[in-house]
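I am attaching a structure below and will ask some questions about it afterwards.
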Amino acid sequence: MPSIAIDLKSGEVVKSKELIIGIDLGTTNSLVAYIKDGAPVAVKDPQGKSALAPSVIHFRPDGSVLVGEEAKEKLVSDPAHTIYSVKRLMGKSYRDVKAFEHYFGYQIIDEDAERLVKIRVNDRFYTPIELSAEILKTLKARIETALGQPVSKAVITVPAYFNDAQRQATRDAGKLAGLEVLRIVNEPTAASLAYGIGLQPDDNQTIAVYDLGGGTFDISILHIHDGVFEVLSTNGDTFLGGDDFDRAIIDHWLQQHPDWQQQLAQDRNLGQELRLLAETAKKQLSQAEDFSGVLRGVPLRISRTQFEDLIYPLVKRTIEACKNALRDAGLTPTDIQRVVMVGGATRTPLVKQAVAEFFGRPLFDKLNPDEVVALGAAIQADILAGNQRDMLLIDVTPLSLGIETLGGLMDIILPRNSKVPARVGRRYTTSADGQRNLKVAVYQGERDLVQHNRKLGEFILRGIPPMPAGLPQIEIHFILDADGILRVKAKELRSGVEQEVEMRSQYGISEEEMARMLIESVQHAQEDMAARALLEARNEAHTVLLSVERFVKQNASWLSAEEKDRLASLANALRTAAEGADKDLIHQALEALNAYSAPLAHRALDAHVAQSLKGQTVGEQAL
Ligand code: AMP
């Protein structure tokens, strides 16, 4: 958190000089940016050539590490020791990545399909977190050299669809690189900030962020209102990007030179040379109508029209994904007020044209599409540092969070779409006399029964002093930070016994899973409600039976034999009803017992006993 200093002489608040940096930790390239004289700038490499640092890590034979452009050069000559696309592995298990393992040129460990993946380089195993930390260290060093001052705080961006585990992994990578990660920000949110969208407190609009990078395509639909960026839907293709445009050109040239096709298998350099020339051609065709070059003495040509014919099917696929994203958000193209372009491959004229046509409006494409995410991250960092605008950017939590109460019911503590950061508390009590331990199980989802929701974790609050059921007061707090990471605190107020845990689910939730959970909650709403009503009736019966038992024990001296018998038989009837599945029968039995016991309770002198007969001393639910 930024601190505020006050100048004691003038009595004025001193603006913090603290610098918080913005980092775009990308699949193919990463960048670091900061606010210079009020405007965001991306920091160039020490040679002053480019702000893009390839997200590539190379391990040299002596164990030292190279990151960036130099590491990228080793991709062809030493693929086994050169790691790329590590972002694709963040927060994933071997099972998650098995299907596209062949894509990686390095060794992914398959010993344990369930645990988070590791990568083997020589005799060492690295987690994607450690490898990402190497990239972050390089960026940190880059900006420290450029500014001549140390930095220790950062905002890092992630794709909007990143789940808990992936966000947490990103945060851990930052920590490992010596950075305190103040906020994890969605990439489309950062991109819109770079264009100033969402910076006015009264901004209220729906926008599309189209992000076509080297190897991935993402489309995100965001709704912005009062400083809240809500992700309505995301779609895309994790294996579609500018690299596929290069490949289309390579295939085109190979068709004209079948001899190269055979040569490729033996001659690794040929493949690399072709790839470089194809990329040069593609970039040139973003401005020019024609490209001509020479490879190994052979002239090669391609026109813009030819190129566009080749990539048309790929561009069409991105438009299909846009349609799907809009459909999922329940919107049509005319509902979109702004379209923001991100990623180097959006410089391709055909891409711009197709996107502008689909949404029927001009594009936000004036900023460098490689840099917008990092620039936006720098703006967010500056806002957090308190240096800029009096803006608070808020996100919302996509699924409700709650805990399991007696009988497997989901008790929602933080409803979906709550603004984060958030802190909410609620009181509970015990369900059995003398209960010393209390299990707190935390779930995420919209269904009434926890068994249909997703468990995030559980812990046990131990050492509650023995008390009658219903007497302990257990306060449970949910503290959700701005990155969507949840801490849960439980405290028994009478004894002060306390426990706190951070809910770190090993695997977060995928977009599809989240959509499924929301749809199911609507589909099952009616049956869930019935199940909930029955469970609630049973819980109430349980509480009242306990209280009556206690009441009879404590007041045995003055209760008549007839009164005791009548209470016992009404309690028996309630017990039987509670074993059945008819909630109305339970309510009838409850009413009968309450009607008979209420006057007796009034007669009892001890006010506390009278209260405990009502069963809900403090109006808290039992866990
Ligand atoms: P990114 O992952 O956002 O850095 O995007 C990199 C992709 O953008 C690569 O496929 C680049 O070849 C591509 N790219 C960069 N400059 C241009 C350009 N002028 N025209 C078309 N594609 C480009």
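The values are calculated or read from the model by the stated rules, or taken from the named source; none is laboratory data. These numbers come from a predicted model, not from an experiment. FYI the Cβ positions are ideal-geometry reconstructions off the backbone, even for glycines, and counts take in every protein chain you see. Side chains included, ligands, DNA and RNA excluded: accessible areas come from the protein's heavy atoms. Shrake-Rupley method; radii C 1.70, N 1.55, O 1.52, S 1.80 Å.
When you go through Arg275, Arg268 one by one, which is the residue that is within 16 Å of the ligand (Cβ to nearest atom) and either modelled with pLDDT under 95 or open to solvent by 20 Å² or more (accessible area, probe 1.4 Å) (or both)?
Only one candidate qualifies: Arg275.
Same structure again: Could you tell me whether Ala541 is surrounded by 13 or more Cβ atoms within 10 Å (Cβ to Cβ) and at pLDDT below 85?
When the stated conditions are applied, Ala541 does not pass them.
Would you mind stating whether Thr280 is assigned by TED's automatic domain parsing to the domain that holds Pro349, in contact (Cβ under 8 Å) with a residue 40 or more places away in the chain, part of a helix (DSSP H, G or I) and of a type in the set (Val, Ile, Thr)?
Working: assigned by TED's automatic domain parsing to the domain that holds Pro349: yes; in contact (Cβ under 8 Å) with a residue 40 or more places away in the chain: no; part of a helix (DSSP H, G or I): yes; of a type in the set (Val, Ile, Thr): yes.
No: the conditions fail for Thr280.
Another question, then. Among Ala325, Ala288, which is the only one that is under 27 Å from Ala374 (Cα atoms) and within 42 Å of the chain's Cα centre (by Cα)?
Being under 27 Å from Ala374 (Cα atoms) and within 42 Å of the chain's Cα centre (by Cα) holds for just one of Ala325, Ala288, which is Ala325.
For the structure I just gave you, tell me whether Val151 is in contact (Cβ under 8 Å) with a residue 12 or more places away in the chain, open to solvent by less than 10 Å² (accessible area, probe 1.4 Å) and either in a helix (DSSP H, G or I) or under 15 Å from Gly376 (Cβ atoms) (or both).
no
Somewhere in the range 189-208, is a residue open to solvent by 10 Å² or more (accessible area, probe 1.4 Å) and within 13 Å of the ligand (Cβ to nearest atom)?
There is no residue in the range 189-208 that is open to solvent by 10 Å² or more (accessible area, probe 1.4 Å) and within 13 Å of the ligand (Cβ to nearest atom).
How many residues, within the range 237-251, are under 30 Å from the mean Cα position of the chain (by Cα) and more than 8 Å from the ligand (Cβ to nearest atom)?
Matching residues across the range 237-251 total 5.
Counting only residues that are more than 26 Å from the chain's Cα centre (by Cα) and in contact (Cβ under 8 Å) with a residue 40 or more places away in the chain, which one in the range 440-490 is farthest from Ser400 (Cα to Cα)?
Pro468
Now for a separate question. What's the total number of residues in the range 588-623 that are at pLDDT below 70, open to solvent by less than 20 Å² (accessible area, probe 1.4 Å) and either out of contact with any Leu (no Cβ under 9 Å at 6 or more places or on another chain) or closer than 17 Å to Glu563 by Cβ (or both)?
2
Kindly provide the set of residues from the range 26-62 that are more than 16 Å from the ligand (Cβ to nearest atom), in contact with a strand residue (DSSP E or B) (Cβ under 7 Å, 6 or more places away or on another chain) and closer than 20 Å to Ile83 by Cα, ordered by number.
Listed by number, the residues that qualify are Ile57, His58, Phe59, Arg60.
Let me ask something else. For the range 290-345, which strands (runs of 3 or more DSSP E) that fit wholly inside it have 2 or more residues that are buried (at least 21 other Cβ atoms within 10 Å of the Cβ)? Give the derivation first.
Values: elements: 290-295, 298-303, 338-342.
In the range 290-345, the matching strands (runs of 3 or more DSSP E) lie at 338-342.
May I pose another question? Given the criteria within 16 Å of the ligand (Cβ to nearest atom) and not assigned by TED's automatic domain parsing to the domain that holds Lys72, does Leu222 qualify? Lay out the reasoning, then the answer.
On the way: within 16 Å of the ligand (Cβ to nearest atom): no; not assigned by TED's automatic domain parsing to the domain that holds Lys72: yes.
No, not satisfied.
Another one. Among the residues of the range 300-351 satisfying the criterion of being acidic (Asp, Glu) and more than 15 Å from the ligand (Cβ to nearest atom), which is farthest from Leu276 (Cα to Cα)?
Step by step, filter the range 300-351, then rank; the result is Asp335.
Same structure again: Among the residues of the range 279-293, are any closer than 26 Å to Val185 by Cα, within 15 Å of the ligand (Cβ to nearest atom) and in contact with a Gly (Cβ under 7 Å, 6 or more places away or on another chain)?
So in the range 279-293, the residues closer than 26 Å to Val185 by Cα come out as none.
Looking through the range 279-293, none of the residues is closer than 26 Å to Val185 by Cα, within 15 Å of the ligand (Cβ to nearest atom) and in contact with a Gly (Cβ under 7 Å, 6 or more places away or on another chain).
Give me the pairs, please: first residue somewhere in the range 340-354 and among the basic types (Lys, Arg), second residue anywhere and within 11 Å of the ligand (Cβ to nearest atom), beta-carbon distance under 8 Å, and either six or more positions apart or on two chains.
Arg347/Lys283; Arg347/Ser286; Arg347/Pro369; Lys352/Met341; Lys352/Thr346
Report, by residue number, each residue of the range 88-130 that is open to solvent by 30 Å² or more (accessible area, probe 1.4 Å), among the basic types (Lys, Arg) and outside any loop (DSSP other than H, G, I, E, B).
Answer for the range 88-130, where residues must be open to solvent by 30 Å² or more (accessible area, probe 1.4 Å), among the basic types (Lys, Arg) and outside any loop (DSSP other than H, G, I, E, B): Arg95, Lys98, Arg120, Arg124.
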